[in-house]
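Taking it in order: structure first as structure tokens, then the write-up.
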Amino acid sequence: MDTTNATIRPAFDERTGLNSLDLPMRPEETRVVVAMSGGVDSSVVAGLLARQGYDVVGITLQLYDHGEAVRRKGACCAGQDIHDARRVAEALGIPHYVLDYEDRFRAAVMDEFADSYLAGETPIPCVRCNQRVKFVDLLDMARDLGAEALATGHYIASGPASGDQGARAMFRAVDEERDQSYFLFTTTREQLDFLRFPLGGLTKAETRALADDLGLEVADKPDSQDICFVPDGRYASVIERLRPGAARPGDVVHVDGTTLGRHDGVLNYTIGQRRGLGVATGEPLYVTKLDARTATVYVGPKEALIAGRIALREVNWLGDSPLMAVTMDIWVKVRSTRPPVPAVLKAEDGQVVVELVDGETGVAPGQACVFYDAAGPGSRVLGGGWIHHVENVLDNVSELGVLESKAHISGGAGSRPNS
């Protein structure tokens, strides 16, 4: 593929005095740390910046490793990927460091993953990894190394925020199928000022073509598909290892109140699941709710999955105006693989609620609800929150007014965001 039309900024703009990373210095005067996972995307970022003359330092975090992960393709931050990152750095002639963060990763990500599943949620460990490890410890390390920025291979864009002098904002990538804004909604304003995402204007095909043009041996390497610490895709086995004996058997109950059978633990189910329910009624049934307190799995017809209202916790707000006592029209994503849908955001008395205009199926506690100002590529990311409670359209009684804990809002204008 011809890469001449790929959206790559010139190394330095004489007119503005800014380099391709929006910094007021020439590339050769700018040290940049690149988070190198060993995949094609971060390798291309390192290669492009090195080609443009930046002082590039590659860092790879070893987050998880065991026998299967070392040999298996499709993982992230494990043995083979670390080897690939090292080989790429050698080929580019840049220094490369591997930092062992296995203990921190387990404490900050893996333990919560297990506890979240046992609580009947559907967690997203990749978001927590970005939030608690990569964008905290790695940013600190980059600053310690005298870097002006930390660049990653995520498919998301960043740039100056309109109406806020000097502040930066995040935007959806031009490649909608690769857009990773859903996994980065916890990024704070302070972190955005230091982070750079050079692939936001490229498609995946253009990135692979650039990898080939740069002579990178990972140009054809498959993308990572799995959670790094779930090598065989079997979540239940990992949770059992982290929390031995924690699974509790219970009832499978129809939304009409009929008990249909038994199950071995709510950790084996997720909202919207249809197969493997262990019951047969002659009609298609889906998991509609998981009650970890009573170890009950509720099932029902597909229409029972339609969510109308979502209560959020740990909201990270990246909009220009303070998120206080507001009602505004936005677009949201409630699953990483789904497009943004219209919604109404309501914030009052420390609680944030999203009303889905047309409803959405399979909305699960533990997942994220990410905010946008529009639906298409390039739309601004306004933040998001963790789904705490879901009110389905067919629910007879709303529980939103009696939530035991209110959402905690961070990152609003005028406050220092949490990192």
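Each reported figure results from applying straightforward, stated rules to the coordinates on display, with no laboratory input. Keep in mind it's a predicted model, so treat the numbers as computed, not measured. With ideal geometry, Cβ positions are generated from the backbone for all residues, glycine too; neighbour counts draw on all protein chains shown.
Histogrammed with a bin width of 5 Å, the alpha carbon distances of the range 257-303 distribute as 5, 22, 38, 26, 8, 1 percent, first bin at zero.
The calculated FRET efficiency for V136 paired with E28, based on their beta-carbon distance and R0 = 41 Å, is about 0.90.
Among 53-63, 141-151, what's the highest-first ranking by average C-beta atoms within 10 angstrom per residue?
Listed from highest to lowest mean packing, they are 53-63, 141-151.
Positive-end ranking of G276, F229, L323 along the dipole of the range 227-337, with charges on Cβ about the Cα centre, is headed by F229.
By how many nm would the segment from L145 to S336 lengthen if fully extended, with 0.36 nm per residue of separation less the alpha-carbon distance?
On the way: separation 191, 0.36 × 191 = 68.76 nm, distance 3.37 nm.
Working it through step by step, the gained length comes to 65.4 nm.
In terms of packing, defined here as the mean over residues of other Cβ atoms within 10 angstrom, the peptides 198-206, 24-32 line up highest first as 198-206, 24-32.
Helix-only mean residue ellipticity at 222 nm, the chain, DSSP H runs n ≥ 4 weighted -39,500 (n - 2.57), per residue, nearest 500. What is it? Working shown, then result.
Values: 10 runs with 80 residues, N = 419.
Rounded to the nearest 500, it is -5000 deg cm²/dmol.
Net charge of the neighbourhood of L118, taken over other residues with C-beta under 12 Å away and scored Lys/Arg +1, Asp/Glu -1, is -2. Helix 79-92 and the longest principal axis of the Cα set of the chain meet at an angle near 20°.
Taking amide H as placed 1.01 Å from N in the peptide plane, G383 has its amide H under 5 Å from the amide H of L318, F371, each at least 5 places away in sequence or on another chain.
Modelled spin-label separation between E348 and R234, with each label point placed 7 Å from Cα along the Cα-to-Cβ direction: 5.0 nm. Each Lys and Arg adds +1 at its Cβ and each Asp and Glu adds -1 at its Cβ; summed about the Cα centre, the chain shows a dipole of about 400 debye. With R₀ fixed at 22 Å, the C-beta to C-beta distance from V393 to E177 puts the FRET efficiency at about 0.15. Count Lys and Arg as plus one, Asp and Glu as minus one, and take only other residues whose Cβ is under 11 Å from that of A246; the net charge is then +1. Residues whose amide H lies under 5 Å from that of Q62, counting only those 5 or more places away or on a different chain, are L99, D100, Y101; hydrogens are built 1.01 Å from N in the peptide plane.
Among 384-393, 319-328, sorting by the average number of other beta carbon atoms lying within 10 angstrom of each residue, highest first, gives 384-393, 319-328. At q = 0.12 Å⁻¹, what is the log10 ratio I(q)/I(0) for the range 306-410, with the Debye formula run over Cα points and no solvent? The Cα Debye sum returns log10 ratios of -0.34. The convex hull of the Cα atoms of the range 224-350, projected and averaged over all directions, covers 11.1 nm².
For the range 322-344, the residues whose amide N sits under 15 Å from a probe point set 7 Å from the Cα of S379 along the beta carbon direction are 328-344.
By count of other Cβ within 10 Å, fewest leading, how are L394, L312 ordered?
Lowest to highest Cβ neighbour count: L394, L312.
For a straight C-alpha distance cut-off of 14 angstrom, the aspartates and glutamates reachable from K346 (same-chain residues fewer than eight places away being disregarded) are D329, E355. The calculated P(r) of the chain, using every Cα pair and 20 Å bins from 0, goes 25, 55, 19, 1 in percent.
To the nearest µm²/s, what D does Stokes-Einstein give for the range 106-208 at 4 °C and 1.567 mPa s, using the Kirkwood radius over alpha carbon pairs as Rh? This corresponds to a translational diffusion coefficient of 86 µm²/s. Scalar couplings 3J(HN,Hα) for the range 316-323, obtained by applying the Karplus form with A = 6.51, B = -1.76, C = 1.60 to θ = phi - 60°, are 10, 9, 10, x, 7, 9, x, 8 Hz; x denotes Gly and Pro.
Helix 40-51 and the longest principal axis of the Cα set of the chain meet at an angle near 20°. Mind listing the long-range amide H neighbours of S336? Cut-off is under 5 Å, sequence gap 5 or more, other chains count too, H placed in the peptide plane at 1.01 Å from N. Answer set, sorted by chain and number: none.
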